[in-house]
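Everything below concerns the one structure shown next.
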Amino acid sequence: MQLSPEHLTRLDRDGFLILPSVFSETEISTIKNRLPALLQDSSEANIIEKESGQVRTAMGLHIRDEIFAKLVRHPRLVQPARQIRPEPLYIQQVKVNIKAAFSGEVWQWHYDFATHHSDDGVPQPLALNLHIFLDDVTPFNGPLYFIPGSHKYGTHRAFHDTQTTSYPLWVVDQDVVRDLVSRAEKVNPGRGIVPAIGPKGSMLIFHDTLVHGSPNNMSPWDRSIFSLILNPISNALTREDRPDYKHHRELSDIIEVEDNCLE
Ligand code: SIN
Ligand code: MN
């Protein structure tokens, strides 16, 4: 799958790109059917919400499950990534963020590179985050919120928040968010923050310095999203302080599978 010049322009301008219905209902069912068993594992790669005891994020899935092993090598993910970063790429992180109905908790305002750099010593913000919606994502079930264009400002002051949720994260100050939102509002009034929404099977690509977060899911609808982070091998981690399910160590270029492997 190739991105059009218009897609590439939007991704560069906004820092993210939403592509509706890239994966079919059948393919999404094949993926989602694996989740109940994976979520029941006692694996330390399943991180539990602070309040509800439900799984917040299930990590390292391509090592734990054969369908996810195919998904991370799927051409509809890998080819767009290669278009954006035309060099050998390794699999940095693989997870499903669950956000269960009524209980899924917040992801604070952050940009991913703050964590990749501070925790893993990744030199440059070149990693790409590729998401697939495994449920319909609406304004109500805890979608990601993006600040369009915020990736253009590079890095910001960030602090390590180990308290708010069960997942330690480098997060940005409210002042930074306020400033970036008001800059985005000037460019496009009413769109200082946009929710990343779409039907299940939609795909999302975003840059490592894009500021984002997501609210609690107080709706009766689950919201699970698959996330694959790919990083150029030339920009690999320089520290191995975190467990490998948070940043994998195998620095080999991805070998693609067949496009119909999930049908
Ligand atoms: C979320 O799943 O709502 C946020 C995940 C992310 O920060 O990529
Ligand atoms: Mn993030």
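The values are calculated or read from the model by the stated rules, or taken from the named source; none is laboratory data. This is a predicted model, so every value here is computed, not measured. Here Cβ is always computed from backbone atoms with ideal geometry, including for glycine, and neighbour counts include all displayed protein chains. Note: areas computed on protein heavy atoms with side chains; ligands, DNA, RNA excluded. Shrake-Rupley method; radii C 1.70, N 1.55, O 1.52, S 1.80 Å.
Could you go through segment 97-115 and let me know if any residue there is open to solvent by 20 Å² or more (accessible area, probe 1.4 Å), within 16 Å of ligand 2 (Cβ to nearest atom), of a type in the set (Ser, Thr, Tyr) and assigned to a helix (DSSP H, G or I).
no
If you check Ser42 against the conditions, is it more than 18 Å from His247 (Cβ to Cβ) and either basic (Lys, Arg) or assigned to a loop (DSSP other than H, G, I, E, B) (or both)? Break it down stepwise before answering.
Details: more than 18 Å from His247 (Cβ to Cβ): yes; either basic (Lys, Arg) or assigned to a loop (DSSP other than H, G, I, E, B) (or both): yes.
Spelling it out, Ser42 is indeed more than 18 Å from His247 (Cβ to Cβ) and either basic (Lys, Arg) or assigned to a loop (DSSP other than H, G, I, E, B) (or both).
I'd like to know if segment 155-171 contains one or more residues that are hydrophobic (A, V, I, L, M, F, W, C), over 18 Å from the mean Cα position of the chain (by Cα), at pLDDT below 95 and within 29 Å of Ile84 (Cα to Cα).
So in segment 155-171, the residues hydrophobic (A, V, I, L, M, F, W, C) come out as 158-159, 169-171.
Filter once more, keeping what is over 18 Å from the mean Cα position of the chain (by Cα): 158-159.
Now narrow it down to the ones that are at pLDDT below 95: 158-159.
With the extra rule that they be within 29 Å of Ile84 (Cα to Cα), the set shrinks to 158.
There is at least one residue in segment 155-171 that is hydrophobic (A, V, I, L, M, F, W, C), over 18 Å from the mean Cα position of the chain (by Cα), at pLDDT below 95 and within 29 Å of Ile84 (Cα to Cα).
Restricting attention to segment 19-39, which residues are open to solvent by less than 40 Å² (accessible area, probe 1.4 Å) and under 18 Å from the mean Cα position of the chain (by Cα)?
Those that are open to solvent by less than 40 Å² (accessible area, probe 1.4 Å) and under 18 Å from the mean Cα position of the chain (by Cα): Leu19, Val22, Phe23, Ile28, Ile31, Leu35.
Among the residues of segment 213-227, how many are within 11 Å of ligand 1 (Cβ to nearest atom) and either surrounded by fewer than 23 Cβ atoms within 10 Å (Cβ to Cβ) or among the hydrophobic types (A, V, I, L, M, F, W, C) (or both)? Don't jump to the end; show me each part of the working.
Start the filter on segment 213-227 by keeping residues that are within 11 Å of ligand 1 (Cβ to nearest atom), which leaves 213-217, 223-227.
Right, trim to either surrounded by fewer than 23 Cβ atoms within 10 Å (Cβ to Cβ) or among the hydrophobic types (A, V, I, L, M, F, W, C) (or both) and you get 213, 215-217, 225-227.
Residues flagged as within 11 Å of ligand 1 (Cβ to nearest atom) and either surrounded by fewer than 23 Cβ atoms within 10 Å (Cβ to Cβ) or among the hydrophobic types (A, V, I, L, M, F, W, C) (or both) within segment 213-227 amount to 7.
Open to solvent by less than 40 Å² (accessible area, probe 1.4 Å), modelled with pLDDT of 95 or more, under 28 Å from Asp253 (Cα atoms) and under 18 Å from the mean Cα position of the chain (by Cα): is that true of Leu130 in this structure? Before you say what the answer is, go through the steps one by one.
On the way: open to solvent by less than 40 Å² (accessible area, probe 1.4 Å): yes; modelled with pLDDT of 95 or more: yes; under 28 Å from Asp253 (Cα atoms): yes; under 18 Å from the mean Cα position of the chain (by Cα): yes.
Yes.
Quick one: in segment 44-95, which of the residues that are at pLDDT 95 or above and hydroxyl-bearing (Ser, Thr, Tyr) is nearest to Phe206 (Cα to Cα)?
Among those residues, the one meeting the criterion is Tyr90.
Among the listed residues Arg157, Arg191, which satisfies the condition of being farther than 30 Å from Asp253 by Cβ, free of Cβ contacts under 8 Å to residues at least 40 places away in the same chain, open to solvent by 20 Å² or more (accessible area, probe 1.4 Å) and away from ligand 1 (no atom under 15 Å from the Cβ)? Explain how you work it out, then say what you get.
Numbers: Arg191 fails: free of Cβ contacts under 8 Å to residues at least 40 places away in the same chain.
Checking each option against the conditions leaves just Arg157.
Do we have any residue at all in segment 236-250 that's closer than 20 Å to His151 by Cα and either part of a strand (DSSP E or B) or open to solvent by less than 10 Å² (accessible area, probe 1.4 Å) (or both)?
no
Select from segment 133-143 the residues that are open to solvent by less than 10 Å² (accessible area, probe 1.4 Å) and either out of contact with any helix residue (DSSP H, G or I) (no Cβ under 6 Å at 6 or more places or on another chain) or at pLDDT below 95 (or both) and write down the one among them that is nearest to Glu87 (Cα to Cα). First the steps, then the outcome.
First, the residues of segment 133-143 that are open to solvent by less than 10 Å² (accessible area, probe 1.4 Å): 133-134, 137, 141-143.
Filter once more, so that each one left must be either out of contact with any helix residue (DSSP H, G or I) (no Cβ under 6 Å at 6 or more places or on another chain) or at pLDDT below 95 (or both): 133, 137, 141-143.
On the way: Phe133: 26, Val137: 32, Asn141: 36, Gly142: 34, Pro143: 31 Å.
It comes out as Phe133.
Using the structure shown, decide if Ser52 is free of Cβ contacts under 8 Å to residues at least 40 places away in the same chain, out of contact with any Gly (no Cβ under 7 Å at 6 or more places or on another chain) and not in a helix (DSSP H, G or I). Let's see the steps before the verdict.
Details: free of Cβ contacts under 8 Å to residues at least 40 places away in the same chain: no; out of contact with any Gly (no Cβ under 7 Å at 6 or more places or on another chain): yes; not in a helix (DSSP H, G or I): yes.
For Ser52, the condition - free of Cβ contacts under 8 Å to residues at least 40 places away in the same chain, out of contact with any Gly (no Cβ under 7 Å at 6 or more places or on another chain) and not in a helix (DSSP H, G or I) - is not met.
So, Val122, is that one within 13 Å of ligand 2 (Cβ to nearest atom) and open to solvent by less than 10 Å² (accessible area, probe 1.4 Å) or not? So that I can check it myself, show each step before the final result.
On the way: within 13 Å of ligand 2 (Cβ to nearest atom): no; open to solvent by less than 10 Å² (accessible area, probe 1.4 Å): yes.
For Val122, the condition - within 13 Å of ligand 2 (Cβ to nearest atom) and open to solvent by less than 10 Å² (accessible area, probe 1.4 Å) - is not met.
What pairs come up if the first residue lies in segment 109-132 and is within 18 Å of Asp173 (Cα to Cα) and without any contact (Cβ under 8 Å) to a residue 40 or more places away in the chain, the second is away from ligand 1 (no atom under 12 Å from the Cβ) and assigned to a loop (DSSP other than H, G, I, E, B), and their beta carbons are under 9 Å apart, counting only those six or more places apart or on different chains?
His117/Pro123; His117/Gln124; His117/Pro125; His117/Thr155
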